[in-house]
Amino acid sequence: MAAALRPRRLTRSAHYVVALAVLLVVLVPVIYAVLGGFRTTGQISANPVGLPRPWVFDNYREILGSDTFWRQLRNSVVVAALTMAVIVPCASLAAFALARFEFAGREAVYALFTIGLLFPLTVAVLPLFISLRTADLLNNPLGVALPQAAFGLPTSIIVLRPFFRAIPAELEEAAALDGCGPFRFFYKVALPLSRPVLATVSVLAIVSSWNAFLLPLVVLSQPDQWTLPLGVTNFSTQYSSDTARVLAFTSLSMIPALVFYVIAERQIVRGLASGALKG
Amino acid sequence: MTAERPPGGTRPLPTADPGGVSPASGAGSGRAGARWSRRATIIAFLTPALVLYVLLALVPILQGAFYSGFDWNGLEPLEQFVGLQNYREALADPVFLAALRHVGVILVLSLVLQLPFALGLAVLLNERMRGRAVLRLFFFLPFVLSDVITAIVWRLILQPAGLVDHTLGAAGLDGFVRLWLADPGIVLYTVFFVVSWKYFGFHMILLLAGLQGIPFELEEAAALDGASRVQTFRYVTLPLLGPTIRICVFLSIIGSLQLFDLVWVMTGGGPVGASHTTVTYMLERGFERSRFGYGSAVAVIAFLISFAFALTYQRLVLRRDVAGALTAMGER
């Protein structure tokens, strides 16, 4: 009995050792960045480990007191909100039609959208730059949001379609008897029933917009239009010799994503999983 | 009429109507006017998404293919048609070929090291252990941080005399200190490590979801039949996890082929091109040097590689698992 238990207990403690080691590797860079912001660069090169001694608040204070961080935060919010505002109505209308109407070429249209999963934005970024320049959308939040929405449509439609399909036909018949046309049914019945999956689609759109770098890099060349990823990158080269200040700025720009993760963890995880498993 | 009627549906299917039937209109009306209004409804539902998607996703990709035949700085009129010259130049450029090789190295390392690591952790977190919800939350955390933040923090940690070097020194391992980001022989492996740091949690979450979908009774039955834990894992768990693993492999490969943000911010493709990926190369040569024709040719090559790969993989591997985007469409 004891002999059978012993190895069990051993493997169990081995599990904890492995898990804690991984946890350490995951957390150390984040903690290092946050604490580093409370040091001076001199302190960091002298001793990057341990708690700051003494705690220095100047880095964070200066960044929070300057306009730059807040403006970039605002720009990021605007681009993410626009992306979501475009993608959710477009994707849900299309997914509804592809789920509940029968028409010639329906599967071809669906396939056209799903093929988009194989077109990453990266390969289209140079021609997009040219087109957006022609349309005078460079240095405009819409110039980032519209292409992002276009490239986000495939995943959103793939996630939404099965939900619209699953709405029982009886509901539709009842609505039809009450004289409710397809648009009213979509708006009054299908959308409210699909609220959880609409949340998932919105969250995915926000997260990918929030983290986007390549498209904003190409489209937004004016500093006053920069989103946070562009701003952080630029800040890190501008103050490349001042590690502490860069860490403070980077840590501050992590906060919105972390807060959002804590709030929307379920949607993020489920959305990624269902998007991936259906793609 | 609904696309796919749930089993409980009672209304009989109306006779086939090629013009399309809207969901709410009663069956049986075949008048031309009604058919047109149905058609208009369908068009109204589809148009916003289609216009956006065609104009801003499909057309740019075709435009890129068109530009790739020109020597063009993006400003002058498109006049200097050079045929396949840009493609020839790219495929003869050692820096581009090296970039392709780098992508290959990161891809193979991801499959051989990162995915098994993620699988191991998923198995571990699937066991009953204290704090596993917290562990899962934290392991997934790097994925939520943007590539840019990841790159900047790691760049500072890995700089000479930074946290990594300091820690190695304190542990008496000074001999292991390297120029992590400045040594052309090492930088690619450093990049791979940081990529894994950011993405293992994502694969772990997918695999964990897969593991939780496996009925506990199956593993229990295997144990009752005298199978060891290793045998149970090898012959029961792993095969049942197959679909999820194949998806992870697929996403891992696509992700490697599109690697950009992290490398661009952390190394800029350097030193001396030792960490260029196809996309960093495209942006540097095409955009920063204003050679839009050449950059487009690079983009087309990159696109063809991932497209060919994705199609093959879907046909050969994924077909049996999911309603794939291209091959199995309409079957479900």
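A short reminder: the numbers here are calculations on the coordinates, not readings from a lab. Since the model is a prediction, treat every value here as computed from it, not as a measurement. In this analysis, Cβ positions are derived from the backbone assuming ideal geometry, glycine residues included, and neighbour counts consider all displayed protein chains.
Panel order for A:Trp70, A:Trp55, by other beta carbons found within 10 Å of each beta carbon, from fewest to most: A:Trp55, A:Trp70.
Taking H as built 1.01 Å from N, whose amide H comes closer than 5 Å to the amide H of B:Phe70, not counting residues under 5 places away? Placed amide hydrogens put B:Val82 under 5 Å from B:Phe70. Take each residue in A:90-101, count the other chain C-beta atoms within 10 Å of its C-beta, and the mean is 6.
Shielding value for B:269-281 is 1, the average number of Cβ atoms from other chains within 10 Å of each residue's Cβ. Here the Karplus curve 6.51 cos²θ - 1.76 cosθ + 1.60, taken at θ = phi - 60°, turns the phi angles of the stretch A:145-156 into couplings of 5, 5, x, 4, 5, 4, 6, x, 4, x, 4, 4 Hz, with x standing for Gly and Pro. For the peptides A:136-147, B:67-78, B:224-235, the ranking by packing is A:136-147, B:67-78, B:224-235, with the highest mean count of neighbouring Cβ atoms within 10 Å listed first.
The slack between B:Arg289 and B:Leu311, meaning 0.36 nm per residue of separation minus the straight C-alpha distance, is 4.6 nm.
In this structure, the amide hydrogen of A:Glu102, modeled 1.01 Å from its nitrogen in the peptide plane, lies closer than 5 angstrom to those of B:Val21, counting only residues at least 5 positions away or on a different chain.
What does the charge count near A:Val197 come to, summing +1 for each Lys or Arg and -1 for each Asp or Glu among other residues with Cβ under 11 Å from its Cβ? All intermediate terms of the calculation are to be shown ahead of the outcome.
Details: positive: A:Arg161, A:Arg195, A:Arg270; negative: none.
Combined, the nearby Lys, Arg, Asp and Glu give +3.
Computed log10 I(q)/I(0) for chain B at 0.10, 0.16 Å⁻¹: -0.86, -1.33, from the Debye equation with unit scatterers placed on every C-alpha and solvent omitted.
Summed over qualifying helices (DSSP H, 4 residues or more, each -39500 (n - 2.57)) and divided by its residue number, chain B shows a 222 nm mean residue ellipticity of -18500 deg cm²/dmol. Principal-axis analysis of the Cα atoms of chain A puts helix A:67-100 at an angle of about 30° to the longest axis. The angle separating the long axis of helix A:195-211 from the principal Cα axis of greatest extent in chain A is about 40 degrees. Between B:Leu173 and B:Ala34, what is the label-point separation in nm under the 7 Å Cα-to-beta-carbon projection? The two pseudo-label positions are separated by 7.6 nm.
Just how large is the dipole of chain B about the Cα centre, in debye to the nearest 20, putting +1 at every Lys and Arg Cβ and -1 at every Asp and Glu Cβ? Walk me through the numbers on the way to the answer.
Details: 25 positive and 21 negative charges, 222 e Å.
So the dipole magnitude of chain B works out to roughly 1060 debye.
Relative to the longest principal axis of chain A, what angle (0 to 90°, nearest 10) does the C-alpha long axis of helix A:2-36 take? Around 80 degrees separate the two axes. Each residue of the stretch A:224-230 is assigned a 3J(HN,Hα), and the resulting list reads 6, 9, 4, 8, 4, x, 5 Hz, derived from the Karplus form 6.51 cos²θ - 1.76 cosθ + 1.60 (θ = phi - 60°), x at Gly and Pro. Summing charges over neighbours of B:Trp180, with a neighbour being any other residue whose Cβ is under 12 Å away from its Cβ, gives 0 when K and R count +1 and D and E count -1. Neighbours of B:Ala49 by Cβ distance under 14 Å: Lys/Arg scored +1, Asp/Glu scored -1, total +2. Karplus-based coupling profile of the stretch B:241-247, in residue order and whole Hz: 7, x, x, 5, 4, 5, 5, with θ = phi - 60° in 6.51 cos²θ - 1.76 cosθ + 1.60 and x standing for Gly or Pro. When the Cα gyration tensor is reduced to axis lengths a ≥ b ≥ c, the ratio a/c is 1.5 or higher for the protein assembly as shown, and with a/b not above b/c it is classed as oblate. When both the stretch B:171-188 and the stretch B:196-219 are represented by their alpha-carbon centers, they are found 33 Å apart. Partner shielding of B:200-213 amounts to 2, given as the average count of beta-carbon atoms from other chains within 10 Å of each residue beta-carbon.
Note on B:Asn73 and A:Asp58: with the Förster distance fixed at 45 Å, the Cβ-Cβ geometry gives a FRET efficiency of about 0.50.
Could you list A:Ile206, B:Ile254, A:Ile157 in order of exposure, starting from the residue whose Cβ has the fewest other Cβ atoms within 10 Å? Before the final figure, lay out the partial values.
Working: A:Ile206 23, B:Ile254 18, A:Ile157 28.
The order, fewest Cβ neighbours first, is B:Ile254, A:Ile206, A:Ile157.
Put a dot 7 Å past the Cα of A:Thr134, heading toward its Cβ, do the same for B:Arg128, and the two dots end up 6.5 nm apart. Between A:Asn139 and A:Leu220, A:Ser221, the built amide H atoms are under 5 Å apart, and every one of these is 5 or more places off in sequence or on another chain. Placing unit charges on the Cβ atoms of the charged side chains and taking the dipole of the protein assembly as shown about its Cα centre, the candidate lying farthest along the positive direction among B:Gly185, B:Ile254, B:Ala222 is B:Ala222. Extension gain, B:Glu217 to B:Ala161: 0.36 nm times the residue separation minus the Cα-Cα distance gives 14.9 nm.
Sorting B:Arg136, B:Arg289 by the number of Cβ atoms found within 10 Å of their own Cβ, with the fewest placed first, yields B:Arg289, B:Arg136.
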